[in-house]
Structures are given as C-alpha cells and as structure tokens.
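The values are calculated or read from the model by the stated rules, or taken from the named source; none is laboratory data. All values reported here derive from a predicted model rather than from experimental measurement. Don't worry about glycine lacking a Cβ; one is built from the backbone with ideal geometry, like all the others, and counts go over all protein chains shown. Surface accessibility is based on the protein's heavy atoms, side chains included, excluding ligands, DNA and RNA. Shrake-Rupley method; radii C 1.70, N 1.55, O 1.52, S 1.80 Å.
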2 protein chains.
Amino acid sequence: MFSEYFNILGSISPIGELCRKKIESHLTIKEFKKGEHILHTGETCNHIYFMYKGCNRIYYYKNDKEITEWFTSEKHFCFSITSFFDKTPSHLSIETLEDSVVIQLSRKGIDELIHSDLEFANLFINILSGSLKLSQKRMDSMQFETARQRYQNLVTEQPEILQFANLQHIASFLGITSETLSRIRS
Amino acid sequence: MFSEYFNILGSISPIGELCRKKIESHLTIKEFKKGEHILHTGETCNHIYFMYKGCNRIYYYKNDKEITEWFTSEKHFCFSITSFFDKTPSHLSIETLEDSVVIQLSRKGIDELIHSDLEFANLFINILSGSLKLSQKRMDSMQFETARQRYQNLVTEQPEILQFANLQHIASFLGITSETLSRIRS
DNA sequence: CTTATTTTTTGATAAATGTCAATTTTATTG
DNA sequence: CAATAAAATTGACATTTATCAAAAAATAAG
C-alpha cells in the first residue's frame, strides 16, 4: 500500500531506500467515511495528507457561508498551509467527499527529516514549488477572468472535480454564487 | 552591502558562516533606473531577486492590457515562479518603479546548494512556504471580497505600495478597472 | 514657464453577478 | 415506494463593476 505512495513521491523527486525507510516511520493510515472530517476548524494541521483513495474539499466559513477553497483528487496531497507552517489553529476544514483512505505524514517527521536528510529536503522543496505554481495560477484566473471563463477552465483542466463536487462547492470555489453557476451551465 | 542581505536571510532561517560564503559566490549586484526591466517577457527567470534598494511591479499582458500581478517592496524577494521552476520563458515582466539596486541569487547556485547544503535547503523551504502563505492569502481575498474590501485591506496591510504604485497598477493588482478604483477612493 | 503627454476623475450607460423567493428536481430515509 | 429533506433551477430585481467618452489634474519635456 505504501509502494504507490512512494512511487508518487519518487516521481516528484528521487528518493533512495534509506530515505524511504525514514519517511515510512512517520506515516499513518486513516480511513474516513464520506462526509467525515480529516481536519476540523480550530485543530492544528499536523500532517500532510495524501488521498490514497477518495477525495476531499477544503473549506472555511465567511459570513456564515461555506466557501470551498480547494479540492483534492485521489492520489494528491493537501494540507492547511497557514496552520501547518505557523502551527496555529486552522480556519480551514477538510471534509471527504467519498469514502477515503488517507496516508498522513506527520509534521514532526517532516521537521526532523528536512533538517537531517537532503533528499527529503529536496522532495519537500518540490512539493512546495508545485503548490506555489498551482496557487499562483489560480490567483491569476481569479484576477481577470469572468465566472464563465473560470468555469470553462475547470471543465477542461480539472474535469474530475465535476465528478465528486456538487454545484455549491464548485460555485464557491470559483468565487460565484450557486445561482450564477447554474445559469452558466445552462 | 551583503551584510544586510544575510541578516534578512538569517532571520528567515539560521545560516552559518560556511553557508554564507557559498551563497555569496552566487550573488551578483545590478542597478536599474526607474522604469527599467529586471526581467523581460520571454526571458527565462534565472535568479531570485532581492530589492536591496527600490521596488518593482510584476506584470503581464492580457488582451493588450497590462495586469499587475504583484508588487515587491524594498528589502523583499521576488521571482517569476513558473519560469524559474520550469525553466521556461516568462510571461511576466518585472519593472522597477524607482531607481533600484538588486541582489541576484542565481538558479544555478540555488540548484547546487539545495542539493549539497542542508542549511540552504531549509532556508529555501522557508522562503517557499512564506511565498505560499502569501499567495494563498491573496487568493482568498480575490475569491470572496468586494473590490472595496480588497482596497481597504491593501491600505491597512501594505500601505507602502500606495507610495510607489500608480492608480492603474493598483487597480489591475486588485482585479478591477482604474475607473472603479478611482470611484472607490472618492 | 509653457506646451505636450500621461494619469486620474467624472458621467452615462451596459453587462455581469448577487440576492431573495418560488419551484422543480434529485437524493435520502423510514 | 412514499414522504421528507436537500440541491438545483428559474424569475424578478438590485447591486457592483465594466465600458466608453470626455474633462480635469498631474507630470514630463522643451
């Protein structure tokens, strides 16, 4: 079960047998039913989560409304960025959208490894730079594209999200109301 | 002149004398008049820039209009994220908004150091995680705040930008037209 | 200092999106 | 499968922001 995990890590940055062993000692596996929370608001995010099976959405409340900030598809990583790095309670929640199996890598392990293992440090750099590119891309699309364009982009670039997310999740993810998204779709 | 640079690096992540020496060998200093370009569209971004003196804006063209994506204040870092990591021609340009002095750290040096020096790798991780937090924060504000709120945030959180950026730069940075910003201001 | 150029402001109008309410459709549960 | 709850759609209208054009103000150049 970890072999697929390490294959994906390896495709991000090469890691040797020794490094794998070290990483493995900081992994835990958890299962979640659809709709359960991987991380609750107020908890501190102490892991980087890998969706071995299933998917999730990351959301927060703004004026009593749920706003979906991000989706994580199967075989992808996620975490609450600010909470993880600042060790502060998360304003984000992470909720599974299907029955899921999550492989968690602890921050304690990450801290230890980035200070002791060059291979791991470089792996982590590559994970961060990948996240940064994604975040930047999304920011650009928010800055000067219309709701319709943003929806089109989603359909062409991340069609898998349409499979598991409902209209309200997608609407708030795109920064629009569900009524507007419904009209765009028709 | 480098001492201030290293103080700032050191405040991000502790680095010893040896690491400093190694970094120093990959630094170059460049001066720019106001309005000159640190990076042109189409060039590949091969450095991380530190604004020792002066400031800049990072912009791109969309439908023949300039869109400012980011501002860099004095004593801060910047680079074209996608171009730097993917080694591809930048769609962004970086233009100074004042006479400036830039300390450039080369990608060649960065590549070398992250693979050989744990201290540097950790420094770089901290630079990336800081960028990621900023990027995320900006994305959130784009997602569900009105133009007026985004402007208010800018005034309270980054007032220095108002000193060197003109109305059009700020408007496109906020994702609105200059007419709208002018009305918000009055 | 005067003229030219660029930037900002203002006005009128159009387009995009939001809000609220009602209805229809879909999903859930006993 | 009927009853209920939740989600999606639709309509009427309000609000925000964009667009285009012109005027005013600020900046740069001779």
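Take peptide B:140-150, look around each residue's Cβ out to 10 angstrom, count Cβ atoms belonging to other protein chains, and average those counts.
The per-residue average across the peptide is 4.
Under the classification rounded if a/c is under 1.5, otherwise prolate if a/b is larger than b/c and oblate if not, where does the range A:1-71 fall, given a ≥ b ≥ c as square roots of the Cα gyration tensor eigenvalues?
prolate
What nm distances, shortest first, do you get from the label point of residue A:11 to those in the other copies when the point sits 7 angstrom along Cα to Cβ?
Result for residue A:11, in nm, nearest copy first: 4.1.
Long-range amide H contacts for residue B:76: which residues qualify at under 5 Å (H placed 1.01 Å from N, peptide plane, sequence gap of 5 or more or a different chain)?
Amide H neighbours of residue B:76, under 5 Å, 5+ apart: B:51.
When you take every Cα atom in the range B:92-186, what is the radius of gyration, and what is Dmax, the widest Cα pair distance, in Å?
Final numbers for Rg and Dmax: 17.5, 55 Å.
Using Cα pairs closer than 8 Å and at least 6 residues apart in sequence, work out the relative contact order for chain B, in percent.
Reported as a whole number, the value is 26 percent.
Please give the solvent-accessible surface of residue B:160 in Å², to the nearest 10, using a probe radius of 1.4 Å with every protein chain present.
About 70 Å², rounded to the nearest 10.
Determine Rg/Rh for the range B:1-140; Rg is computed over alpha-carbon atoms and Rh is the Kirkwood hydrodynamic estimate from the same atoms.
0.96
Based on Cβ point charges of +1 for Lys and Arg and -1 for Asp and Glu, what charge dipole magnitude is obtained for the range A:145-186 about its Cα centre, in debye rounded to the nearest 20?
The calculated dipole for the range A:145-186 is roughly 160 debye.
Determine the alpha carbon to alpha carbon distance for each of A:65/B:133; A:133/B:22; A:33/A:53; A:133/B:87; A:22/A:87 and list only those over 18 Å.
A:65/B:133; A:133/B:22; A:22/A:87
For the range A:145-186, what class follows from the C-alpha gyration tensor (a ≥ b ≥ c being the square roots of its eigenvalues): rounded when a/c is under 1.5, otherwise prolate if a/b is larger than b/c, else oblate?
oblate
Which of the three applies to the protein assembly as shown, rounded, prolate or oblate, going by the alpha-carbon gyration tensor with a ≥ b ≥ c and a/c under 1.5 meaning rounded?
oblate
Would you kindly work out, in nm and rounded to one decimal, the distances from the label point of residue B:34 to those of the same position in each other copy, ordered shortest first, with label points 7 Å along Cα-to-Cβ?
Distances to the matching label points in the other copies: 6.1 nm.
Once you charge only the Cβ atoms, +1 for Lys and Arg and -1 for Asp and Glu, what is the size of the charge dipole of the protein assembly as shown about its Cα centre, to the nearest 20 debye?
560
Copy-to-copy spacing for residue B:160, label 7 Å out on the Cα-to-C-beta vector, in nm, shortest first?
Ordered by distance, the counterparts are at 4.1 nm.
Roughly how large is the A-B contact in terms of buried accessible area, totalled over both chains, probe 1.4 Å, nearest 100 Å²?
So the total buried area for this chain pair works out to about 3500 Å².
Where the centre of each part is set by its Cα atoms, how far does the range B:74-115 sit from the range A:106-170, in angstrom?
Each part reduced to its Cα centre gives a spacing of 21 Å.
So if I place +1 on the C-beta of Lys and Arg and -1 on the C-beta of Asp and Glu, and nothing else carries charge, what would the dipole magnitude of chain B be about its Cα centre? I want it in debye, nearest 20.
So the magnitude is around 320 debye.
Within 15 Å, Cβ to Cβ, of residue A:16, how many net charges do the neighbouring residues add up to if Lys/Arg are +1 and Asp/Glu are -1?
-1
Counting only helical runs of four or more DSSP H residues, what would the 222 nm mean residue ellipticity of chain B come to if each run contributes -39,500 (n - 2.57) and the total is spread over all its residues?
-15000 deg cm²/dmol
If Lys and Arg each add +1 and Asp and Glu each add -1, what is the summed charge of the other residues whose beta carbon sits under 15 Å from the beta carbon of residue A:75?
-3
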